Amino acid sequence: MASSKKPLSRKVKASTSKQTKQSSLLNEVDKAFVSLNQSHKKIKSMTVALSGGIDSVVLLHILYQLQKQYRFKLNATHVHHGLSKNADKWVKFCEKLCAKLSVPLDVHHVKLPQKKSLGIEGEARRLRYEKLLQSKSDWIVLAHHEDDQAETFLLQLIRGAGVKGLSSMAQVDDGRRLWRPLLNTSRSEIDVYAKKHKLKWIEDESNLNTDFDRNFIRLNILSVLRKRFSHIVRAISRSSRNLAEAQELLNDLAVSDLGRHLKSNNLQKKLEVDLVRKLSHSRAKNALRYWLEINDQLMPSKELLDELLRQVLTAKKDAELKIELTKDYEIRRYKDEIYIVRKNQNAQKKYEIFWNGESEINLPNGTKLKFKEVKGSGIALSRLQNKKLKITNQQAGQSLKLDHNRPTKTLKNLFQEAHIAPWIRLDLPLIFIGGDLVCVPHLGISSDMSSKKTDMGLEIELIH
């Protein structure tokens, strides 16, 4: 009698365990949401990156249930790359699914550039993130899971990545407002959840094309590794988390080395050369990597980083240092500081714009001017009266008197005194009243036009 009960008992436990695992995915995401909500400001809105595949459909289904409890606004975004003949069908599927759930959906059509410097996969990913990051939601939620993490790790390993690359994807990316609640969930668990809830999804036929590196790794590499090492995906995920912790320590070291010296003045992030020079070679490279990362730059190769460090440390003070980072950005040096500069940023035509009371004006070079009435600051409103402000980038021969007790100086002299780099000067707008220059953002206001402490003034801010 006793012997017959044990197998029955084990069978019941195994069945219960399996049932619990099948229903645990919603609970796991629930716990992750609570943790995210506690460690950040209260979450009011979320946008799901919805491809229509099983992963993102499951994620949307889970968040749809959670929003009822936590009362956040749920949106979805679909990016149409046009790479598949079925791309239009995928849009219709996502539209139908979101309409059923009453979830607002944004569809973005993108076109890959003819010159794909990052490859088809890389360019598609770049454009996808570019559109996703336009969302105004508190968080952008991605359906990456444990298997995706393993594939990313192996891709980075093949490319010879360092600690940063091998740490792969972060579950919470504060800088870009990205959240990946399924990152510790296996593909099989997602499949079980989808079937249990009778969800429908689309299959991307390109997932079987092993010409793409990620597909090759998933279908030809990981499948073989699993046969010998059944726990390989979970092990890689653990290694990625360990490396992510190591990267945090490296970032802390960079902040310790440079943090209080990093300068941000709404013109351009810049870095003092002397601070880098005092560090050991390894710590200097770590500091440069950190500086590039916080300026949203792709990590350069080891060879490029070594060359960048060599030139930064050996160039003379008056040397015109210019090193290409990517097709869009380069490193420049002015005096004792290095800058990240967008290429050809000054290649725009001359312009003249008149301010007619707007709170903001977009300038042709991609910057904007913000106008705000304040007390004791800015251009004196009493001096403006009905006069129009003219905004232009034509600087030839202009001068400005910033202080009653100091002489009038040329813009060139004022720029030099303010340590504003030559390529930044060309992008600064000049603000005139009639034929008189009255203000240059980041330099100041003509002393004759400045508001007194008791008077109302027009404050003008340049936003990059």
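FYI, it's all coordinate maths here, none of it is from the lab. Here the structure is a predicted model, which is why all the values come from computation and not from measurement. With ideal geometry, Cβ positions are generated from the backbone for all residues, glycine too; neighbour counts draw on all protein chains shown.
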Amide N of segment 364-382 lying under 18 Å from the label point, which is placed 7 angstrom from the Cα of GLU417 along Cα→Cβ: none
Distance between modelled label sites at LEU381 and LYS73, nm, 7 Å Cα→Cβ extension: 3.2 nm
Rounded if a/c under 1.5, otherwise prolate or oblate - segment 18-231, Cα gyration tensor axes: rounded
FRET efficiency estimate (nearest 0.05) - Cβ-Cβ, ASP191 to GLN38, R0 25 angstrom: 0.25
Residues whose placed amide H lies under 5 Å from that of VAL438, excluding near-sequence neighbours: ILE431, PHE432, ILE433
In degrees, nearest ten, helix 281-294 long axis to first principal axis of the chain (Cα): 90 degrees
Karplus-derived HN-Hα couplings along segment 227-234 (A = 6.51, B = -1.76, C = 1.60, θ = phi - 60°), whole Hz, x at Gly and Pro: 5, 8, 10, 4, 9, 4, 5, 5
Relative contact order [Cα under 8 Å, 6+ residues apart], the chain, whole percent: 10 percent
With Cα atoms, 0 to 90° folded angle of helix 302-314 axis to the chain main axis: 20 degrees
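Ranked highest first by the average count of other Cβ atoms within 10 Å around their residues, in what order do 24-35, 285-296 fall? It would help to have the intermediate numbers written out before the result.
Numbers: 24-35: 16.2, 285-296: 19.0.
Descending packing order for the listed peptides: 285-296, 24-35.
Using packing as a proxy for protection, rank 175-186, 210-221 so that the peptide with the highest average count of other Cβ atoms within 10 Å comes first.
Values: 175-186: 20.1, 210-221: 15.3.
Answer by packing, highest mean first, reads 175-186, 210-221.
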Separation of alpha-carbon centers, segment 373-392 and segment 110-179, rounded to whole Å: 46 Å
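Could you compute the net charge surrounding LYS73? Neighbours are other residues with a C-beta less than 14 Å from the C-beta of LYS73; K and R count +1, D and E count -1. Display every interim value, and only then the final one.
Details: positive: LYS42, LYS44, LYS68, ARG71, LYS136; negative: ASP106, ASP138.
Here the charged neighbours net out to +3.
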Simple label model, 7 Å out from Cα along Cβ direction - SER102 to ARG159, nm: 4.3 nm
Length gained when the stretch SER45-LYS85 is fully extended (0.36 nm per residue, less Cα-Cα span): 11.1 nm
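Quick check: net charge around LEU381, other residues with Cβ under 13 Å of its Cβ, Lys/Arg +1 and Asp/Glu -1? Don't skip to the end; give the middle numbers.
Numbers: positive: LYS372, LYS375, ARG383, LYS387, LYS452; negative: GLU373, ASP455, GLU459.
Combined, the nearby Lys, Arg, Asp and Glu give +2.
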Cut-off 13 Å between beta-carbons: net charge of the residues surrounding TYR351, Lys and Arg +1, Asp and Glu -1: +1
Listed peptides 428-439, 397-408 by packing density, highest first (mean Cβ within 10 Å): 428-439, 397-408
Amide H partners (placed H, <5 Å) of GLY162, local residues excluded: none
Separation between Cα centres of segment 193-251 and segment 402-452, rounded to whole Å: 56 Å
Chain lengthening between SER230 and LEU133 when straightened (0.36 nm per residue, less Cα-Cα): 31.3 nm
Selection from HIS281, SER239, TRP291 lying farthest towards where the dipole of segment 183-298 points positive, charges on Cβ: SER239
0 to 90° range, to nearest 10: angle between helix 54-70 axis and the chain longest Cα axis: 80 degrees
Amide H contacts under 5 Å for SER135, placed H, 5+ residues apart: none
Label assignment, Rg and Dmax of the Cα atoms in Å derived from the structure, set (i) 28.0, 106; (ii) 27.2, 80; (iii) 47.0, 164: (i)
